[in-house]
1. Sort through 202, 208 and tell me the only one that's modelled with pLDDT under 80, of a type in the set (A, V, I, L, M) and within 20 Å of the chain's Cα centre (by Cα).
2. Is there any pair with a first residue in segment 156-167 that is under 20 Å from residue 54 (Cα atoms) and a second that is β-branched (Val, Ile, Thr) whose Cβ atoms are under 7 Å apart and which are 6 or more apart or on different chains, and what are they?
3. Within segment 151-165, is there a residue that is of a type outside the set (A, V, I, L, M), within 16 Å of the chain's Cα centre (by Cα) and under 30 Å from residue 198 (Cβ atoms)?
4. Can you pull out every residue in segment 182-199 that is modelled with pLDDT under 85 and closer than 16 Å to residue 49 by Cα?
5. I want to confirm something. Restricting to segment 211-223 and keeping residues that are modelled with pLDDT under 90 and within 23 Å of residue 138 (Cβ to Cβ), which single residue is least open to solvent (accessible area, probe 1.4 Å)?
6. Can you tell me which residues in segment 25-36 are in contact with a strand residue (DSSP E or B) (Cβ under 6 Å, 6 or more places away or on another chain) and open to solvent by 30 Å² or more (accessible area, probe 1.4 Å)?
7. Taking segment 94-141 as the search range and keeping residues that are within 24 Å of residue 161 (Cα to Cα), at pLDDT 75 or above and aromatic (Phe, Trp, Tyr), which one is surrounded by the fewest Cβ atoms within 10 Å (Cβ to Cβ)?
8. For segment 62-71, give me each residue that is open to solvent by 40 Å² or more (accessible area, probe 1.4 Å) and within 19 Å of the chain's Cα centre (by Cα).
Amino acid sequence: MGDTPKNHNKYQEIGKELQRSYRFSYLYPSERCDGEWRAWLPFFAKGNLYWRKEAKFDITLHSAFRGRLLDSRPGTAIDPCTDSAAEKSLHETEVVNSWWRGSQGSKAGPVAMIGYLFCRKHSTYSDLREVNLLYIGGDTRYGLGKLVRVEMEKAEHFFEYDVQPDQDDPKVFSNVVLAHTKADTKNDLICGALERLGGWNMGTPISMADTPFWIPGSRLPARSGIKSWTTEHGRHYYSNQRAALKR
């Protein structure tokens, strides 16, 4: 038997502290450009979803962007009685490539993921520097979703946007939301797309809210008068971290 993990009996307590004192952003794909990692961020324009590289004018339609970033892997279940493929079990799993796809399917540089963490306690920032490996998403048992940290540094902006981190709910100054945002009367002028979020609890599907959410990239027009978003706990979650995909 191995040693008992430290703080093994404080799971709920530590979880509540994370909710009170930290905000985590979504991870966005990035590529190396002029010696720096630049994230690709979503935005809606003229009814379509596009992706734009930070600090650049590179813009691509969502369907073309998926072609550069995503791939699929075939799989099937094995019937233990016949030791062959089970009937009707052939399927594909969509995955994020570890390399950007260039012209004619060639490799065009490694894919990294950029995310941000708002942290009240400086001691936690030091602790996080010890975390070099994460597994994100599903099918991690099969080697998917492995992220190896390649950089971590303090940041003055949230991606390319101004931010006020020194308050209970950090505020991001942008007319584009970069996380799922609950739809309500305060943002009914937003332009984008809606979807519902759910999950699983012991095999039972559950809904995360009674209303749909605006997806990342949805944006408010200037006439709305809204120029910032708060990263409230339980709504959406807006140190700078970069991790490379490994398989």
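The values are calculated or read from the model by the stated rules, or taken from the named source; none is laboratory data. Note that the coordinates shown come from a computational prediction; the quantities given were computed from them, not determined experimentally. Ideal geometry is used to build each Cβ from the backbone, glycine not excepted, and the neighbour counts take in all protein chains shown. Areas reflect the complete protein model, heavy atoms only, side chains present, ligands, DNA and RNA absent. Shrake-Rupley method; radii C 1.70, N 1.55, O 1.52, S 1.80 Å.
1. 208
2. 157/163; 158/172; 161/172; 163/172
3. Checked segment 151-165: at least one residue is of a type outside the set (A, V, I, L, M), within 16 Å of the chain's Cα centre (by Cα) and under 30 Å from residue 198 (Cβ atoms).
4. If the condition is that a residue be modelled with pLDDT under 85 and closer than 16 Å to residue 49 by Cα, then 190 is the only one that fits.
5. Among those residues, the one meeting the criterion is 213.
6. Matches in segment 25-36: 27, 32.
7. Going through the qualifying residues, I end up with 118.
8. Passing the criteria: 62, 63, 66, 68, 71.
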